[in-house]
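Enquirer: Submitted below is the structure of interest, expressed as C-alpha cells.
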C-alpha cells in the first residue's frame, strides 16, 4: 500500500509541476504576443543569443569536467592493472617454486590488497573476467582453459584502458608467458583440457 501510495503521489506531483510550467509559459507567451512585433523579435533574438551562449558555456564546462574525471579514472586503473601485471610476471617467471604457492603469505596479502583496489577502481568487465579466471584457477591443476581465461582478462584490461585488440589473435599473450607457445597452442587445439603438466611432459619429450 505504501509503495502504491508513493507512486500515486509521485505521479500527482509530476502532473502539478507540469501544469505549473505550462501555466507560466502560457502567461509569458500571452504577454509576449501583446508587444510590438519589432520589440518581440528583438527580445526573442536577444533571449536566444543568451540561452545559446549559456548552454555552450555550461556544456563546455560539463564536457571538460567529464574528461578530467575519465582521465583520473584511467590513470588510477592503469596504476592498479600495472601493479597486478608486474607482480604476475614476477611470480610466473620466478625460479623460486615457493613464489607460486597459494599459501605464500606475501602473495596472499598482495592479492587481498589488490582485489580491494580492483573493486573500487576496476572496470566491471575486467573484474568479471578476473573472477572467472581466478574461479577456474582455484579448481586445481592449471590447464589450457586457465591460460585462455587469463588472456581474456588481459585483453579486457587493454580494452578498458582504450586500446584496440582487433589485431591480437588468440594466443598472443600466451607467447609472452610460455617458453613453447606454439606447442601449447597445437596441443590445446587437439585437447581443450590440456594441463600445463602434460605440456611440460611433451616439452621434455621433445628435448629428448
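Enquirer: How many residues are under 16 Å from the mean Cα position of the chain (by Cα) and on the phi > 0 side of the Ramachandran plot if we restrict to the range 133-167?
Expert: 1
Enquirer: Right, here's the next one. For residue 194, all conditions in the list (1) farther than 20 Å from residue 93 by Cβ; (2) without any contact (Cβ under 8 Å) to a residue 24 or more places away in the chain hold save one; what is the number of the exception?
Expert: All conditions pass for residue 194, except number (2).
Per-residue answers, yes or no, for (1) over 18 Å from residue 200 (Cα atoms); (2) surrounded by 12 or more Cβ atoms within 10 Å (Cβ to Cβ); (3) touching a strand residue (DSSP E or B) at 6+ places or on another chain (Cβ under 7 Å); (4) free of Cβ contacts under 8 Å to residues at least 12 places away in the same chain:
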residue: 105; (1), (2), (3), (4): yes, no, no, yes
residue: 109; (1), (2), (3), (4): yes, no, no, yes
residue: 119; (1), (2), (3), (4): yes, no, no, yes
residue: 133; (1), (2), (3), (4): yes, yes, no, no
residue: 146; (1), (2), (3), (4): no, yes, no, no
residue: 160; (1), (2), (3), (4): yes, yes, no, no
residue: 168; (1), (2), (3), (4): yes, yes, no, no
residue: 183; (1), (2), (3), (4): no, yes, no, no
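Enquirer: Quick check: anything in the range 89-98 touching a helix residue (DSSP H, G or I) at 6+ places or on another chain (Cβ under 6 Å) and either assigned to a helix (DSSP H, G or I) or at pLDDT below 85 (or both)?
Expert: For the range 89-98, residues touching a helix residue (DSSP H, G or I) at 6+ places or on another chain (Cβ under 6 Å) and either assigned to a helix (DSSP H, G or I) or at pLDDT below 85 (or both): present.
Enquirer: Regarding residue 132, is this residue within 20 Å of residue 174 (Cβ to Cβ) and either assigned to a helix (DSSP H, G or I) or modelled with pLDDT of 90 or more (or both)?
Expert: yes
Enquirer: Out of 80, 51, which single residue is surrounded by 14 or more Cβ atoms within 10 Å (Cβ to Cβ), more than 30 Å from residue 195 (Cβ to Cβ) and either out of contact with any strand residue (DSSP E or B) (no Cβ under 8 Å at 6 or more places or on another chain) or at pLDDT 90 or above (or both)?
Expert: Sole residue among the options that is surrounded by 14 or more Cβ atoms within 10 Å (Cβ to Cβ), more than 30 Å from residue 195 (Cβ to Cβ) and either out of contact with any strand residue (DSSP E or B) (no Cβ under 8 Å at 6 or more places or on another chain) or at pLDDT 90 or above (or both): 80.
Enquirer: List the number of the failed condition for residue 199; all other conditions in (1) in contact with a helix residue (DSSP H, G or I) (Cβ under 9 Å, 6 or more places away or on another chain); (2) part of a loop (DSSP other than H, G, I, E, B) hold.
Expert: In the conditions (1) in contact with a helix residue (DSSP H, G or I) (Cβ under 9 Å, 6 or more places away or on another chain); (2) part of a loop (DSSP other than H, G, I, E, B), residue 199 misses (2) alone.
The values are calculated or read from the model by the stated rules, or taken from the named source; none is laboratory data. All values derive from a computational prediction rather than experimental measurement. So basically every Cβ, Gly included, is an ideal-geometry build from the backbone, and we count neighbours across all protein chains shown.
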